[in-house]
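Okay, so here's the structure we're looking at.
The values are calculated or read from the model by the stated rules, or taken from the named source; none is laboratory data. What you see is a predicted model, and the numbers here were worked out from it, not measured in a lab. With ideal geometry, Cβ positions are generated from the backbone for all residues, glycine too; neighbour counts draw on all protein chains shown. The protein model used for the area step is the full one, side chains on, heavy atoms only, and it has no ligands, DNA or RNA in it. Shrake-Rupley method; radii C 1.70, N 1.55, O 1.52, S 1.80 Å.
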Amino acid sequence: QGAGTATPPQRTQLALPYSDSFAGYSTGQEAKYLSSMNGAFQAAPCGGGRSGECLRQMAPVQPITWVTTPSTQPYTLMGDLSWSNYTVSSDVLLEKSSSAAEILGRAGTQARGNDGLNAYHLRLSDTGAWSLLKSNTSWTWTTLASGTVTAPGTNTWHNLALSFQDSTITAKIDGNTVGTVTDSSYGGGQVGLGAMGYY
């Protein structure tokens, strides 16, 4: 044995803009750069009239946790903590009634044992109820804005988008602005996707 001689590439920040259509993934593969929490986000056939592969939350039941945590919905994160002013956007498909999907932005500090996450969340349910939420490192939730859009129902694709410009946060559903708020709690952080249960 001996000391390694390989020289790694220079470390760099993940550049924006970044996108992934998951088109080149095989079924069951985890997505590049994404880190799943509480669930299992893997490539699967899209459904909802869309061909190819998409990312689906695959855990049908809540995983056994190492510690007791007050919030257990599944989510997955990617990106850089230094990202600040950006838009995170994703097409989402709700496959079950009484379900909801969300995107996350400016996700930062995560408490030990997943006992909380500093982040903003845009959540949409199959009934059309939406909310723009803020979570913290003890999973305390603050509703910054909420409302109702035409019920998306199930098996149709809809786009969620969260834009951050300094302390201004803008939420869009299918390209239409549903809420704009001012909050300066979190100035930067990662992006993410989430589901509001185990389906």
_Number of the exception - TRP141 against (1) hydrophobic (A, V, I, L, M, F, W, C); (2) in contact with a Leu (Cβ under 6 Å, 6 or more places away or on another chain); (3) surrounded by 15 or more Cβ atoms within 10 Å (Cβ to Cβ)_ = (3)
*Using the structure shown, decide if TRP139 is at positive phi and either assigned to a strand (DSSP E or B) or touching a Gly at 6+ places or on another chain (Cβ under 9 Å) (or both).*
yes
_Output for region 20-63, where each listed residue is under 19 Å from GLY197 (Cβ atoms) and either among the acidic types (Asp, Glu) or part of a strand (DSSP E or B) (or both)_ = SER36, MET37, PHE41, GLN42, ALA44, GLY47, CYS54, LEU55, ARG56, GLN57
*Which of the residues belonging to region 80-102 are over 18 Å from VAL178 (Cα atoms) and either open to solvent by 60 Å² or more (accessible area, probe 1.4 Å) or assigned to a strand (DSSP E or B) (or both)?*
LEU81, SER82, ASN85, LEU93, GLU95, LYS96, SER97, SER98
*Could you grab the pairs with beta carbons closer than 9 Å, sequence gap of 6+ or different chains, first residue in region 10-21 and modelled with pLDDT of 90 or more, second one among the aromatic types (Phe, Trp, Tyr) and open to solvent by 100 Å² or more (accessible area, probe 1.4 Å)?*
TYR18/TYR33; ASP20/TYR33
*Does LEU77 satisfy the criteria of being under 16 Å from HIS121 (Cβ atoms) and either assigned to a strand (DSSP E or B) or touching a helix residue (DSSP H, G or I) at 6+ places or on another chain (Cβ under 8 Å) (or both)?*
yes
*In region 125-134, is there at least one residue being crowded, with 17+ Cβ neighbours inside 10 Å, among the acidic types (Asp, Glu), part of a strand (DSSP E or B) and in contact with a Lys or Arg (Cβ under 8 Å, 6 or more places away or on another chain)?*
no
_Take the conditions under 22 Å from SER82 (Cα atoms), under 16 Å from the mean Cα position of the chain (by Cα), modelled with pLDDT of 95 or more and among the hydrophobic types (A, V, I, L, M, F, W, C) and apply them to LEU124. Does it pass?_
no
*Index of the failed condition, LEU77 passing every other in (1) within 17 Å of ALA195 (Cα to Cα); (2) open to solvent by 50 Å² or more (accessible area, probe 1.4 Å); (3) in contact with a Gly (Cβ under 7 Å, 6 or more places away or on another chain); (4) of a type in the set (A, V, I, L, M)*: (2)
*For region 103-119, state whether one or more residues are open to solvent by less than 30 Å² (accessible area, probe 1.4 Å), modelled with pLDDT under 95, under 28 Å from THR12 (Cα atoms) and among the polar types (S, T, N, Q).*
yes
